[in-house]
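Note sheet for the following structure.
What follows draws every value from the coordinates through simple rules; no lab data is involved. A quick note: this is a predicted structure, and the numbers were derived from the prediction, not measured. Quick reminder, even Gly has a Cβ in these numbers, built from the backbone with ideal geometry, and neighbours come from all protein chains shown.
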Amino acid sequence: MMRAGRKQNYLDQIPVRSSLCPWKEEAGKAVLAVEHKGILYAFTQRVFHKPRVSYITLDVYGTAVWKQIDGEKTVGEISDGLEQQFPEAQGDMLSRVVLFFSILQANGFVHMRRIN
């Protein structure tokens, strides 16, 4: 059991998709839908004709990571799975996955849950 105040390894955390980020698969790639809300966005939508929803198409690696997020696998397990799926990128896969999750987390697409 982990003591209070002790940090947990990032690889042992479990990513969970945000319910506020719907997604679909098109041509084998994950496409995330980001809805723009708020006064500033409403202004830019009206004045500059900006879209209410933006679509972010993930690359092959991002799609593979996104599909493995099931609320049960840890970051480390996802990284290990990608190393097997993409042996050509094996050397730097862990750093790619950690950076990708930090970007997803910073934009609110996922949140991290600790292992109990």
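Which order do peptides 28-40, 101-113 fall in by mean Cβ count within 10 Å, highest first?
In descending order of packing, they fall as 101-113, 28-40.
7 Å from Cα along Cα→Cβ at both Lys29 and Val53: what's the point-to-point distance in nm?
Here the answer is 1.8 nm between the modelled labels.
Once fully extended, how much extra length lies between His111 and Ser19, figured as 0.36 nm per residue of separation less the alpha-carbon to alpha-carbon distance?
Stretched fully, the His111-Ser19 segment lengthens by 32.1 nm.
Work out how far the C-alpha atoms of the chain reach from end to end along every principal axis, then list the three figures in whole Å, largest first.
52, 40, 21
Which cross-chain or sequence-distant (5 or more) residues have an amide H under 5 Å from the amide H of Ala30, H modelled 1.01 Å from N in plane?
For Ala30, whose amide H was placed from the backbone, the distant partners under 5 Å are Leu58, Thr63.
Could you list which residues have their amide H under 5 Å from that of Gln13, counting only those 5 or more apart in sequence or on another chain, with H placed in the peptide plane?
Amide H neighbours of Gln13: Val75, Gly76.
Can you give me the three principal axis dimensions of the range 53-106 from its C-alpha atoms, in Å, biggest first?
In descending order, the Cα extents are 35, 24, 17 Å.
How many nm separate the modelled label positions at Val60 and Ile103, each set 7 Å beyond the Cα in the direction of the Cβ?
1.7
Using r as the Cβ-Cβ distance of Thr44 and Gln84, and R0 as 41 Å, what FRET efficiency do you calculate, to the nearest 0.05?
The calculated FRET efficiency here is 0.40.
If packing is taken as the average number of other Cβ atoms within 10 Å across a peptide's residues, how do 69-80, 49-60, 8-19 rank, most packed first?
69-80, 8-19, 49-60
Ordered by residue, what ³J(HN,Hα) values in Hz, to whole numbers, does the range 46-62 give under the Karplus form 6.51 cos²θ - 1.76 cosθ + 1.60, where θ = phi - 60° and Gly and Pro are x?
6, 7, 9, 6, 7, x, 6, 10, 10, 10, 10, 8, 7, 6, 4, 5, x
For the pair Asp92 and Asp12, how long in nm is the line joining their label points, each one 7 Å along Cα→Cβ?
2.9
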